[in-house]
Structure formats: C-alpha cells, structure tokens
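See structure below.
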Amino acid sequence: MIRVTRPGGNMATRIICSRSCALMHPSDNFKQEMPDLAKRYPHVNFILAHSGWTWPVARHHVALAKEFPNCFLEITFTSVTNGTIEYMVRELGSERVLYGSDAPMRDPFPQFGWVAYANISEEDKRNILGRNMQRILEQVTLA
C-alpha cells in the first residue's frame, strides 16, 4: 500500500484528488492518513470503503465522517450487518451512506437486501441505493 501522505505519494495523491472523488480502502495506514487527506482536500468526496465491516470500523468511519463532511461511508460488508446501516444513518443521515457490493467478487443481492430490509425510511433507502452516488458522480471531473 502506498502511503499517499509521504513525499513519494504526493504526486499520486494530487492526481487522484484532482478528480473530486476518491475511493479509500482500509489499510494499515488508513487511520493515520485519512484525516490528513480529508483536511487537505476538502473539495474531494472520499468514499470510505467497507465502513460496515466490523463495529469498530463502523464507529471509526462514522467519527471521521462527522469530522469531515467530504467523507462518505460505503456499506460493503463481509459479515452480518447487526444494525450498522441503521447506526450510520442515525449518526450521519442517509445522505452520507452509499450502497456497495464488492461485485463481481461478491453477490450484490445480500448487500442490497441489507439496505432494503434495514429499519430506515424509504427515502433513506433511495439515498443509499443511488441518489447519493449520483450526486457525487455529478461532481467528478474527468479531464
């Protein structure tokens, strides 16, 4: 994993962040680097992948997103949700939570079902299942 905040990683970071959107995958250096990146690039929407992986990860990602409004939580799970979607929506609002499936490695239907059957409003489900990502993609710079 490249440490994007170290001197050798700065060019890659600038290129990625010039597009207004970046998918961040949890790694050994994620906790140390993510706050710096979110602060340094406030115009970039950072999608924090696997935010519901475990309760400690969910809590950490919610705390980051509370501190940095440019952080969004992507819900790909590898285990049972146990209320983490409801927790994310309760703590941040559904506008900051994104559907994710890890397809094609994983079947997308379980993640879809976790949102469809979550104890949240239909409006929250619509936000998570597409509206939020649509808003983010409308801001992405391709050139």
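The values are calculated or read from the model by the stated rules, or taken from the named source; none is laboratory data. Predicted, not measured: the structure shown is a model, and the values here were computed from it. Note that we place each Cβ from the backbone using ideal geometry, even for glycine, and neighbour counts take in every protein chain shown.
Checking the range 63-72 against the condition returns no match, with no residue being of a type in the set (Gly, Ala, Ser) and in contact with a Gly (Cβ under 7 Å, 6 or more places away or on another chain). So which residues in the range 98-128 are among the β-branched types (Val, Ile, Thr) and closer than 14 Å to residue 53 by Cα, if there are any at all? Once the filter is applied, which keeps residues that are among the β-branched types (Val, Ile, Thr) and closer than 14 Å to residue 53 by Cα, the range 98-128 yields nothing. Apart from one condition, residue 120 fits all of (1) within 20 Å of residue 56 (Cα to Cα); (2) touching an Asp or Glu at 6+ places or on another chain (Cβ under 7 Å); the exception is (1). Filtering the range 28-56 to residues that are in a strand (DSSP E or B) and either out of contact with any Leu (no Cβ under 9 Å at 6 or more places or on another chain) or farther than 17 Å from residue 74 by Cα (or both) leaves only 45. Summed over the range 113-139, residues that are over 13 Å from residue 72 (Cβ atoms) and either surrounded by fewer than 14 Cβ atoms within 10 Å (Cβ to Cβ) or of a type in the set (Lys, Arg) (or both) total 11.
Count of the range 57-69 residues, restricted to those that are touching a helix residue (DSSP H, G or I) at 6+ places or on another chain (Cβ under 6 Å) and either at pLDDT below 90 or not in a helix (DSSP H, G or I) (or both), is 1.
The residues in the range 70-87 that are in contact with a helix residue (DSSP H, G or I) (Cβ under 7 Å, 6 or more places away or on another chain) and either assigned to a helix (DSSP H, G or I) or of a type outside the set (S, T, N, Q) (or both) can be counted, and the count is 8. Scanning the range 100-117 for residues that are within 16 Å of residue 89 (Cα to Cα) and under 18 Å from the mean Cα position of the chain (by Cα) returns 100, 111, 112, 114, 115.
Annotation: residue 139 fulfils all but one of (1) without any contact (Cβ under 8 Å) to a residue 60 or more places away in the chain; (2) in a loop (DSSP other than H, G, I, E, B); the unmet one is (1). Among the residues of the range 88-123, those identified as of a type in the set (Asp, Glu), farther than 24 Å from residue 43 by Cα and either free of Cβ contacts under 8 Å to residues at least 24 places away in the same chain or assigned to a helix (DSSP H, G or I) (or both) are 107, 122, 123.
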